[in-house]
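Okay, structure first, notes after.
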Amino acid sequence: MSESDTVLAIESLTVDLPSWADRPHAVEDLTLDLRHNEILCVVGESGSGKSLMARAILGLFPSRHVRPSAGRILYRGEDLLAAAPEHLRAVRGSRIAMIFQEPMTALNPVLTLGRQIEEAIEVHQPSLRGAARRRVLEMLSAVHLPEPERIYGAYPHQISGGQRQRAMIAMALTLEPDVLIADEPTTALDVTTQAQILALIREIQATRRMAVLFITHDFGVVAEIADRIAVMQQGRLVEHGSAAEVLDAPREPYTRSLLAAVPSIVPAPPRAAIVQAPVAMRVSGLEKTYRSGGVFLGGSARVVHAAKGVAFEIRRGETLGIVGESGSGKSTVARCVARLVEPDAAEIRVGDTDFGRLSRRTLREARRRVQMVFQDPYGSLDPRHTVGNLIAEGPIVHGTAPSVAWERALELLELVGLDRRSAARYPHEFSGGQRQRIGLARALALDPEVLIADEPVSALDVSVQAQVLRLLADVRERLALTVLFITHDLRVAAQVCDSIAVMRRGEIVEYGLTQEVFAAPRHAYTRELFAAVPGRERRRART
Amino acid sequence: MREFARRFARNRPALAGLAILLAVIAIALLAPLLYPGSPFALVARPFQPPFEGYLFGTDQLGRDLTAEVVHGARTSLAIGLLATAIAVLVGATMGGLAGYYGGRIDALLMRFTEMFQTIPFFLFAIVLVTVLTPTIGSVILAISVVSWPPMARLVRGEFLAMRGREFVLACVSMGMSDARIILRHILPNALSSIIVTGSLMVATAILIESGLSFLGLSDPNTMSWGYVIGEGRTALRSAWWVCTVPGIAILVTVMAINLVGEGLNDALNPRLRSA
Amino acid sequence: MSAKGLRYVVRRLALAVPTILTIVVLNFALVHLAPGDAADVLAGEAGSATPEYMAQLRQKFGLDQPLHVQLAVYLERVLAFDLGYSFRHSMSVSALIATRLGPTLLLMLTVLLLSVGLGVLLGAIAARNLNRWRDNVISVLAVLAYATPVFWAGLMLIVVFSVKLGWFPVSGMEEVAAFKEGWPRVADIARHLVLPAITLTLFYLALYARLMRASVLDQFAMDYVITARAKGLTERQIARRHVLRNAVLPVLTMAGVQVGALLGGSVVVETVFAWPGLGFLAYESLFARDINLLLGIFFISGCLVVAVNVAVDLLYSLLDPRIELR
C-alpha cells in the first residue's frame, strides 16, 4: 500500500438522533478519508458530533435510537455500516482499534490488566493462546510501562492515570491494527502526562506506519501532532486540509474564530497601576494535611500534604494565578483562603482583618469580602431556585432589603451580558457558559474585595471560554477587582494573570510576574510544565 | 408540578396502584358506615363459606369476615401511616444533622445504625411489643423504632453528598446560616428521595404490623388483618377462606403502595430514556 | 484462609463487640421495662419456678443491689452464655437454643442460596430481555412476591400443596416417629424443607431479582462495556466475562444487609410450619410469656448476624479487588 492510499473512507455519513434531541442529526453528510501512515486530527467543540463519528466507524452507537441513515464507511473496499455483525466484530480490535478518554472507567475494575489485554488475542486469534502472555508483556514494554510483569497482574485502580492510558494503548495495538481511533485520549490527563502520551502515540504511529484518527477539542494538541486536520461543527465538516493549511491559512470563518479563541501562551503585558497599589490580601504559612484510613487496630493511615507553607500576596486590582496539575493543592489553597475548608494553620489577611482567625459568627459577616466562582457550571447553581433568587440571596442574607437586592441582581445580570428577564428562569434553562456568567454575577452581588475564581473556565468549550475570560477581564477593570485565579492551563493564566505562582505537591515552586516567569522560568518543574504545553513548536512537515 | 403530574400519569401501573390505594382508603374511612357496630360481634354460625349471605363468609367464632376485613383496613393504614411518619421525622432529622455536620454526630449515628442493622428488626419489634404489652401505641412505637435507621442512613447519604456540592459551598461562602442552607437549599433537593422512600416504608410498616398481629401481638381491642389470619389458622383445612381473604387484602394494599411509590420515583427522578 | 484473612476476621469480630454489648445492655433494660418483678421475668415463665429457685436467682443476679451492679452481673452472665433456665423444656436456655440452632441455620442457608442464586439468574434474564415478555413476566411476579406477607404465603402454600394436592407435609422437620437414619433421613428432611424454604425465599427472590436487573442494566451502560465491544467481543461474551461479576456485587452487599431481616422472617415461617428452629422457639416463648427465653434468642440472633456478616464481607472482598481487607 503506498503512502497516500486511503485506508478508511467515510462517504456522506449521516447519523440520526432520536426525536427528542435538540437537532435531527448528530452527523450530517460527512465525507472524510483517513490515509495510511498519517495522523488525522478531527477537532470540534462539544456537540460537534466528532466523537459519534469516530464511534460510527466501529458501529459503537450509544443506543438503538442513534442510527446511521445515509452514507458509507469503506474499509478496504467494504462498507462497515452494512457489514454483518460477525464481520464487524472481526474487524473490531484486530484491524481497527480504539482508545477512549477516561481509562479508569474504560477498563473493567475487577479484571487484571493482563487478562483484559489478552482477551483481544483470545477473541481474535485463539490459536495464539499459549504465546499470549509473552505478547502482552511485549506490548506493555512497547508502550514504555515500567515493570511489565507487575502491571500484567495489577488491577486498574492500582496504577496511575497515565499508566492506565498506556495500558489501553497496549491493548489496542496487540493485534497490530491498520487503524487506531483515539477519542480524546489525553483530555482527562494532566498536561505533563498528556505530553508523554502524545509523544508515545507519535512514536507508535511512526514506527508502525499506522493510520491514526485523533479526536480532540484542543488546538494545542492538534498543532502538536496533526498531519492533517478536519474541523467539525454541529455535525458537519466545516473545513479540512493539511496541518499547515488549516492552522496558518484557515478558510472558513468558524475555523478562524476557533483559532482566535485559543489563548496564546504569550502573556499579556503587565498593567502598570497595580505595582503601586496597597496589598489587598496576604496569605502566609498555609498548611493543610488530609488524613484518611483506619486509626485503630493497626490500620494504615494515608497522609496527603495538600498545602505546605504556602504564602503569597495580591495587590488591589491585581490578578494572581495559581497554576498546577491535579494533586498540586491549588484547589485546596483556594478553599482554605475562602475558609470553606479549615486550614491546619494559616495567616490570611484581607485588608487589615485577620480573616483566618475570625470566629464562626464574625466570619459569616466577613465572608462577603471574599467571594468565589466555581468550576462546575452544572453543580454550582441550586437547580430549585430561580437565577434572580440565587443572585439576590447573598445581599438579602446580609440585611439588604429584598426589593433593593432584586434590582441589583437585574443590574448584575446585565453586567455579565445576560438579559434581565433571565432572573425569573431556572439554571437548567441556560448553557454552561451562561451559568458561569450567573455564578460570576452571584459572586459580585456582595461587592467583594477579593474574588477567587476556582478553574472557572476549565469545563467550557474554547470559544465560550474566550468569551467568559473577556467578561472577567472587563469586569475586573470596571470594578477594580482583586482576583485569585486558579487554573491548570498555562495559556489561560498567560491571558488573565498579572502574577503567577506555580504549585507542585502542596508547595509553591515559582512565584513572580507572569511576564518574567514565562520569559525565564527558574524551577525545573516550571520548565517541564512549559515544555508540556501542546503545540508550542509546531510539527515539522513530513519529509 | 404539572410536569411531575404528567410524568406520573404516563405510568400505567402507578395509576392503577393509586386507584386501588384510594379505594382502600375510602373503604377504611367508610368502615363504620358500611359495617356499623363492632367487627368482633358474633353474627351467624361459624364457618359459613363466602357468598352465602355474607360476602366473605364467617370465621371460626361466627364473626362476619367482611366486617373484619373492612375494619382491619383502618388499623393497618392508620398504624402504617403513623409509624412511618414518626420514623421519617426522626430518621430524616438525625440523618440530616449527621450528614451535614459530620464529625462526632455522624460517627455516633453510623454506629447506631450499624447496630440496628445487626439486630433482626422483626425480632426486635416482637421483643418490644411483648415487653411493653401489645397496644396500638406499643405497636406503632415498635415499628417506628425499627424503621427509622434506614431512613436516617438514606438522608445522611444525601446530605453528605450535597454538603460537598458547589452550590452549597457557594451558600456557605455567602455567609448563610446553617439553618437556611439546610432548609432552603439542601432539603428541597433531598425531598424527592425522602418522599419515595417514605411511601415505600408505609408498605413495609403494614407488613410488619400484620406479622406482629399474626403472632398475637396486636391490640386486643382493634381488628387487624394479621389477627384474623392468625386466629383462622386452626381452621385452615376446612375454612381456608378465613386465612385467604385478609391476606389478599394485605397483598393488594401493599402492592398498590409499592406501585405508587415507584411511580413517584420515576416521576420525580426522570432518567434518560432507556436504550 | 490466608493470614491476612484471618487477621481481618478477628478484627471484624473485635469491632462487633460494642454492638453485642449494646444488645446485652438493651436486653437488660427490657428486663426491667417488662411488667412484673425483674426476678419473675428472669425466672422465665412466671409462676412455674420454685421459691428456692427464685431466691437463688435473686442472689445470683444481685437483684437487691443498685442498678449498675445488676448490669455488671447481667453482662457477665450473658457473655458466659448463662441465659437462664427453661422449666417447660427442662434444660438451660443456652442448651435449648443450641438444639434449635441447627434447623434455623439449615433453613436460612437454603433460603440464602436459593434467593441469591435464582435472583441473580432471573434478574440477568430480565435485563437481557429488556421490556420483552420474559422481562415483563419476571417483573410482574416480583412485584407480587414483594407485596406478599410471608406468613400468608406459607399458609396458602400449605392449602394448595399439602391439603389439596398432598405433595408435601404440612409441618415439622421430619417424621419423628419414623426414626429414619442416613440418606432416607436426609430425604425426609428435604421433603419437609421444601415449603418453608419456598415461602421465605419468595420475598427475597423478588428483591434480588429486581436488584440484579437494575445492576445489569447499570453495568451495560458503563464505559468498559464499550471498550469490550471495540475489542470485538460478542454481547454474550461481554455479559459473561465482564458484566456478570460487576453486577453481582451490589446483590451480595444487599444479601449481607438482609441477614437480620431473614432471621426475623424465619420467625413467622417456622411458626407456620412448626419448623423446630429458633424462630419457632421465639413463638413458643411468646405464647408462654417467657420473656427471658425471648431475650436469650434475641441475643443469640445478634451474634449470628454478626458472624454471617463477616462471612459475607470476606466473600465480597474475594470478588471485588478494589476492596482491601484491612
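Computed quantities for the displayed model
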item: Some residue of the range A:226-236 being β-branched (V, I, T), touching a Leu at 6+ places or on another chain (Cβ under 8 Å) and crowded, with 18+ Cβ neighbours inside 10 Å; result: yes
item: Number of positions in the range B:82-122 that are small (G, A, S) and within 22 Å of B:A142 (Cα to Cα); result: 6
item: Options B:A92, B:A107; residue that is surrounded by fewer than 20 Cβ atoms within 10 Å (Cβ to Cβ) and either assigned to a helix (DSSP H, G or I) or of a type outside the set (S, T, N, Q) (or both); result: B:A107
item: Residue in the range B:127-139 that is out of contact with any Phe, Trp or Tyr (no Cβ under 7 Å at 6 or more places or on another chain), facing another protein chain (nearest Cβ under 9 Å), part of a loop (DSSP other than H, G, I, E, B) and under 30 Å from C:E270 (Cα atoms) present; result: yes
item: Options B:L82, B:L65; residue that is within 23 Å of B:T253 (Cβ to Cβ), among the aliphatic types (A, V, I, L, M) and surrounded by fewer than 22 Cβ atoms within 10 Å (Cβ to Cβ); result: B:L82
item: In the range C:223-236, the residues that are surrounded by fewer than 18 Cβ atoms within 10 Å (Cβ to Cβ) and either in a helix (DSSP H, G or I) or within 14 Å of chain B (Cβ to nearest Cβ) (or both); result: C:D223, C:E235, C:R236
item: The listed residue being touching a residue at least 24 places away in the same chain (Cβ under 8 Å) and not basic (K, R), out of C:A98, C:A124, C:A80; result: C:A124
item: Residues satisfying the stated conditions in the range B:45-72, i.e. of a type in the set (G, A, S) and either modelled with pLDDT under 80 or not in a loop (DSSP other than H, G, I, E, B) (or both); result: B:G53, B:A67, B:G72
item: Qualifying positions in the range B:162-201 - in a loop (DSSP other than H, G, I, E, B) and touching a Gly at 6+ places or on another chain (Cβ under 6 Å); result: B:R165, B:M174
item: Complete set of residues in the range B:181-204 that are more than 12 Å from every other protein chain (Cβ to nearest Cβ) and among the hydroxyl-bearing types (S, T, Y); result: B:S193, B:T197, B:S199
item: Tally, over the range A:1-33, of residues that are closer than 21 Å to A:A243 by Cα and in contact with a helix residue (DSSP H, G or I) (Cβ under 9 Å, 6 or more places away or on another chain); result: 4
item: The range A:437-452 residues that are part of a loop (DSSP other than H, G, I, E, B), paired with ones that are of a type in the set (S, T, N, Q) (beta carbon under 6 Å, 6 or more apart); result: A:L446/A:Q371; A:P448/A:Q371
item: Of all residues making up the range B:163-180, the number that are facing chain A (nearest Cβ under 10 Å) and within 31 Å of the chain's Cα centre (by Cα); result: 1
item: Selection status of C:L315, surrounded by fewer than 19 Cβ atoms within 10 Å (Cβ to Cβ), out of contact with any His (no Cβ under 8 Å at 6 or more places or on another chain), more than 11 Å from every other protein chain (Cβ to nearest Cβ) and part of a helix (DSSP H, G or I); result: yes
item: Residue in the range A:402-415 that is in contact (Cβ under 8 Å) with a residue 24 or more places away in the chain and over 22 Å from B:G175 (Cα atoms) present; result: yes
item: Subset of the range C:270-298 [more than 10 Å from chain B (Cβ to nearest Cβ) and not in a loop (DSSP other than H, G, I, E, B)]; result: C:E270, C:F273, C:F280, C:L281, C:E284, C:N292, C:L293, C:G296
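The values are calculated or read from the model by the stated rules, or taken from the named source; none is laboratory data. If you're wondering where the values come from, they're calculated on a predicted model, not measured in any experiment. All Cβ positions, even for glycine, are placed from backbone atoms using ideal geometry, and neighbour counts span all protein chains on display.
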